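Next up is a structure, given as structure tokens.
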Amino acid sequence: MNEVTVAVIGCGNRGADVYARHLAAQGVRITHLVDPRAARLSEVAARHGLGPEGCFSDWDNFFALGRVADAVVIATPDDQHVQPCLQALALGYDVLLEKPICLAEAELNVLLQAEAQSVGSVTVCHVLRATPFFQEVKQVLDSGRLGQLVGIQHAENVAYWHYAHSYVRGNWRASPPAAPFLLAKSCHDLDLLRWFAGAPPSRVDSQGSLHHFRPENAPAAASDRCVTCPVVACPYDARQIYGSRPLESWPNTVLTAGGQTLAGALETGPYGQCVYLGLNDVADHQSVTVTFENGVTAGLTVSAFTHNNTRTFKLLGTHGELRGQMERGELELHDFRHGTVECWTVVADGNHGGGDVGLVRGWLALLRGEVGLPTPLSESLDSHRIAFAAECSRLL
């Protein structure tokens with residue numbers, strides 16, 4: 001089997017700790033890295049045995065080399081996805097593109113046209129399609145046991161601590177430069193709705209706002225940092241959120257990237273700040289209703305105010321109902337015709353229920369010519385079209 005070579009543009013958690021790691025584990029040679037942070041670049045380069053000649057602080061200098069690898073991973077910040085992807089396609093690269101694709105709906109067609117004119121391709125990192133759990137759900141749907149699919153009820157339970165980490169203290173707390181909450185967090189889920197419905201969207205309505213993480217909701221004695229805060233039993237205390245988790249696991253690896261200590265990160269970095277400082281402006285609870293061209297309707301609720309960090313759903317068909325809980329891998333099928341109930345579990349281990357490694361495996365099969373494109377870019381874009389329409393509806 002020919003060796004596959006990949007360059008990684010953006011060496012953050014997703015680019016370096018997820019995609020590069022899984023690619024290397026599956027036999028890929030990482031040949032080039034791009035990241036503006038010298039310490040992080042050096043850290044990731046050491047993992048893959050790369051010298052200075054394989055490391056770049058900006059993608060323009062990397063692309064000036066021409067096509068020097070089989071493919072590229074683009075996992076830069078949200079507002080920096082389109083330009084390097086266009087440059088990669090111009091050189092004929094196959095691209096694994098982290099979501100969200102872009103922050104402006106007009107850029108979707110620009111990217112689609114660029115792909116059509118390139119010998120390369122774009123695979124969006126919609127990892128949930130690659131999970132054993134949701135592949136099992138799709139198999140049940142395709143089997144006809146539910147009859148005609150009529151409706152979908154879906155919830156992304158973000159978990160209070162996860163929202164605080166990513167959307168109050170983290171890179172996605174302000175839009176722009178990050179994507180709106182629904183697009184950043186739930187384009188995976190919108191992609192699932194599109195996959196299950198089997199048709200493009202025709203109408204989108206949405207309601208939601210930033211309910212809680214505001215300065216007026218701060219406890220009277222709150223400090224600007226958790227390490228100096230006297231408030232007892234705050235659910236968003238960074239000392240508890242990060243101190244209760246293994247140092248070598250996410251999200252702690254985000255705080256300690258580049259050699260930072262956890263204590264130092266909480267004392268000086270954004271992840272130790274009070275959640276009530278008013279530095280975030282994205283919604284913390286949002287509901288979306290989508291009507292698809294074939295008449296299927298779907299409702300999605302995405303919320304910060306949950307205990308579990310998981311997805312739950314119901315698929316409603318004319319002959320049956322399928323219920324699921326992703327984190328536990330639980331599925332429950334009610335067959336209306338035969339009056340039976342079937343319950344079973346699907347392995348849901350690993351990040352995103354095994355979707356990260358599954359996505360990389362599928363993309364690698366594409367690069368090796370073993371299978372076709374996992375999901376066409378044109379279909380992946382529908383999740384973003386829904387998100388942009390939902391944000392317009394929410395802000396009316």
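The values are calculated or read from the model by the stated rules, or taken from the named source; none is laboratory data. Keep in mind that this is a model prediction, so the values were computed, not measured. Quick reminder, even Gly has a Cβ in these numbers, built from the backbone with ideal geometry, and neighbours come from all protein chains shown. We work out accessible area using only protein heavy atoms, side chains counted, and drop any ligands, DNA or RNA first. Shrake-Rupley method; radii C 1.70, N 1.55, O 1.52, S 1.80 Å.
Round to a whole angstrom and tell me the spacing of the C-alpha centers of the stretch 303-360 and the stretch 62-139.
28
Something else now. In deg cm²/dmol and to the nearest 500, what is the mean residue ellipticity at 222 nm of the chain if only DSSP H runs of at least 4 residues count, each as -39500 (n - 2.57), divided by the residue total?
Computed mean residue ellipticity for the chain: -9000 deg cm²/dmol.
Below 21 Å, Cα to Cα, which lysines can Lys185 reach? Residues fewer than 8 away in the same chain don't count.
List returned: Lys99, Lys314.
Considering amide H positions built from the backbone, and no H for Pro or chain starts, which residues 5 or more places from Glu156, or on another chain, come under 5 Å of its amide H?
The answer is Thr301, Val302, Ser303.
Same structure, new question: Relative contact order for the chain: what percent, with Cα pairs under 8 Å and sequence separation of 6 or more?
Numbers: 767 pairs, mean separation 84.9, N = 396.
Reported as a whole number, the value is 21 percent.
In whole Hz and in residue order, list the ³J(HN,Hα) couplings for the stretch 61-78 that follow from phi through the Karplus curve 6.51 cos²θ - 1.76 cosθ + 1.60, θ = phi - 60°; x for Gly and Pro.
5, 5, 5, 5, 6, x, 8, 10, 8, 6, 7, 10, 9, 10, 9, 7, x, 3
Further question: Counting only heavy atoms of protein chains, what accessible area per residue, in Å², does the stretch 1-79 have with a probe of 1.4 Å?
About 43 Å² of surface per residue is accessible.
Hey, what do the phi angles of the stretch 27-34 turn into as Karplus ³J(HN,Hα) couplings, whole Hz, using 6.51/-1.76/1.60 and θ = phi - 60°, x for Gly and Pro?
Using θ = phi - 60°, the values come out as x, 7, 9, 7, 9, 9, 10, 10 Hz.
Using just the alpha carbons, could you tell me how many Å³ per residue the convex hull of the stretch 125-194 encloses?
105
Same structure again: How large is the Kirkwood hydrodynamic radius of the stretch 1-149, in angstrom, based on all distinct alpha carbon pairs?
Value: 16.4 Å, from the Cα pair sum.
Tell me the carbon and sulfur percent of the accessible area for the chain, rounded to whole percent, probe radius 1.4 Å. Can you show the working numbers first?
Details: 8510 of 16470 Å².
Summing carbon and sulfur atoms, their accessible area is 52 percent of the total for the chain.
A further question on this structure: Using a cut-off of 10 Å between beta-carbons, work out the net charge of the residues near Ile30 (Lys and Arg +1, Asp and Glu -1, Ile30 not included).
So the surrounding residues net to +3.
Could you put Arg40, Arg145 in order of accessible surface area, largest first, with the 1.4 Å probe and the full protein assembly present?
Reading off the accessible areas and sorting them downward yields Arg145, Arg40.
Separate question: Using mean Cβ contacts within 10 Å as the protection proxy, how do 297-305, 179-187 order, highest first?
Working: 297-305: 20.6, 179-187: 25.3.
So the order, starting with the most tightly packed, is 179-187, 297-305.
Ranked highest first by the average count of other Cβ atoms within 10 Å around their residues, in what order do 246-254, 67-75 fall?
In decreasing order of mean packing, 246-254, 67-75 become 67-75, 246-254.
To continue, here is another question. In the neighborhood of Trp172, defined by Cβ-to-Cβ distances under 13 Å, what is the net charge if each Lys or Arg adds +1 and each Asp or Glu adds -1?
With Lys, Arg at +1 and Asp, Glu at -1, the net is 0.
Restricting things to alpha carbons, tell me how big the chain is in terms of Rg and Dmax, in Å.
Final numbers for Rg and Dmax: 21.4, 66 Å.
A follow-up question, please. Antiparallel versus total DSSP beta bridges in the chain: what percent is that, nearest 5?
Working: 41 of 66 bridges.
Approximately 60 percent, going by the DSSP bridge assignments.
With a/c under 1.5 counting as rounded, go ahead and sort the stretch 199-251 into rounded, prolate or oblate using the C-alpha gyration tensor (a ≥ b ≥ c being the square roots of the eigenvalues; past the cut-off, prolate if a/b is larger than b/c, else oblate).
Note, shape of the stretch 199-251 comes out oblate.
I want the local charge near Val275. Using Cβ-Cβ distances under 14 Å, sum +1 for each Lys or Arg and -1 for each Asp or Glu among the other residues.
Taking every other residue near Val275 into account, the sum is 0.
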